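What follows is one structure encoded as structure tokens, with my remarks underneath.
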Amino acid sequence: MTGDRFEIVVPGSPRHLRAVRSMLRAAAENLKDVRLSDRAVADLQLALHEACINAIRHGEKDRPHPVLRVAIIVEMDRLTVEVRDHGPGFDPERVPVPDGAALREGGYGVHIMRKSVDEVSVRREGGEFVVALTRIYDRGPASAARSGK
Amino acid sequence: MISGSDGPAGCTVLRPRGDLAGERAAALRGEIAPAMARGPGVVVDMSEVAFVDSEGLGALVSGLKAARQGGRRFALCALRPHAEALLEVTRLRRVFEAYPDVASAFAAMEEERA
């Protein structure tokens, strides 16, 4: 994956997820190549939050000092966030779509990720599980906006 | 973070604020059971909730389940667009009673009791 890459490392606790979401929004709003609407950024923030919760609850749960490693990757046509953990991982295609009528109290996270971004991919890399969440830009280039195109 | 007050006919309104996630989702779960025990219904006012995650949804579902098991009413009101969208995405929107505001939620509960 090419493009500018920014990494955030924070303690693996839900207490820090608001800060992680804020960092993503700051990056989306301040990096000149990113062309995402407010709604698209909010969706990506939610998907990132759920990936982090998953990493904390499953991937890092047995580690004495759980850590969240988040990368923001800016490319010409898309923004991707990656979350790494040390757990067994999951296959997003095999997680069932929730049935609202079943009134389950959990199991919504991966489905929320899938519905909030354009692409969810997973891989193993260097002994870590990586989930990558991609949102394609939904706004035109700044130059086109300025010229009224 | 979560305030509660009594409404008509012994119903209770719970008002979570900020993020309904993590510890705050757990706190709401803890508030629902005693509120349910106090009267015939609980309304969760979502007007001050800026963000909901899967754990927040879980807390709301736990309230609905408790209400159904106990023969009580459980309703949401003043859902903001983010929460509304999340309920739609997870196919939970149709299982919750939802109203524009606290008054209309209580009115619906009163109407059924009348």
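The values are calculated or read from the model by the stated rules, or taken from the named source; none is laboratory data. Everything quoted here is computed from the prediction, not taken from an experiment. When we count neighbours, we look across all protein chains shown, and the Cβ atoms used for this are built from the backbone with ideal geometry, even at glycine. Remember, those area values only see protein heavy atoms, side chains included, never the ligands or the DNA or RNA. Shrake-Rupley method; radii C 1.70, N 1.55, O 1.52, S 1.80 Å.
Anything in segment A:1-40 that is over 15 Å from A:A71 (Cα atoms), within 14 Å of chain B (Cβ to nearest Cβ) and assigned to a helix (DSSP H, G or I)? List them, or say none.
A:P14, A:R15, A:H16, A:R18, A:D38, A:R39, A:A40
Quick one: in segment B:4-31, of everything that is more than 20 Å from B:A107 (Cα to Cα) and touching a Phe, Trp or Tyr at 6+ places or on another chain (Cβ under 9 Å), which residue is surrounded by the most Cβ atoms within 10 Å (Cβ to Cβ)?
Taking the candidates together, the pick is B:L20.
Suppose we filter A:H65, A:H86 for residues that are at pLDDT below 95, closer than 21 Å to B:E23 by Cα and open to solvent by 20 Å² or more (accessible area, probe 1.4 Å); which single one remains?
Of A:H65, A:H86, the one residue that is at pLDDT below 95, closer than 21 Å to B:E23 by Cα and open to solvent by 20 Å² or more (accessible area, probe 1.4 Å) is A:H65.
Only residues that are polar (S, T, N, Q), surrounded by 18 or more Cβ atoms within 10 Å (Cβ to Cβ) and out of contact with any Asp or Glu (no Cβ under 9 Å at 6 or more places or on another chain): list them for segment A:28-62, please.
A:Q45
Pick from B:L57, B:L64, B:L28: which is closer than 21 Å to A:R18 by Cβ, aliphatic (A, V, I, L, M) and either facing chain A (nearest Cβ under 10 Å) or assigned to a loop (DSSP other than H, G, I, E, B) (or both)?
Within the list B:L57, B:L64, B:L28, the selection yields B:L57.
Across segment B:32-50, which residue is surrounded by the most Cβ atoms within 10 Å (Cβ to Cβ) among those that are over 10 Å from the mean Cα position of the chain (by Cα) and part of a helix (DSSP H, G or I)?
B:A35
Of everything in segment B:32-49, what is within 14 Å of chain A (Cβ to nearest Cβ), at pLDDT below 95 and in contact with a Lys or Arg (Cβ under 7 Å, 6 or more places away or on another chain)? Give them in sequence order.
none
Just checking, how many residues over segment B:67-97 are within 26 Å of A:A42 (Cα to Cα), more than 7 Å from chain A (Cβ to nearest Cβ), surrounded by fewer than 19 Cβ atoms within 10 Å (Cβ to Cβ) and of a type outside the set (K, R)?
5
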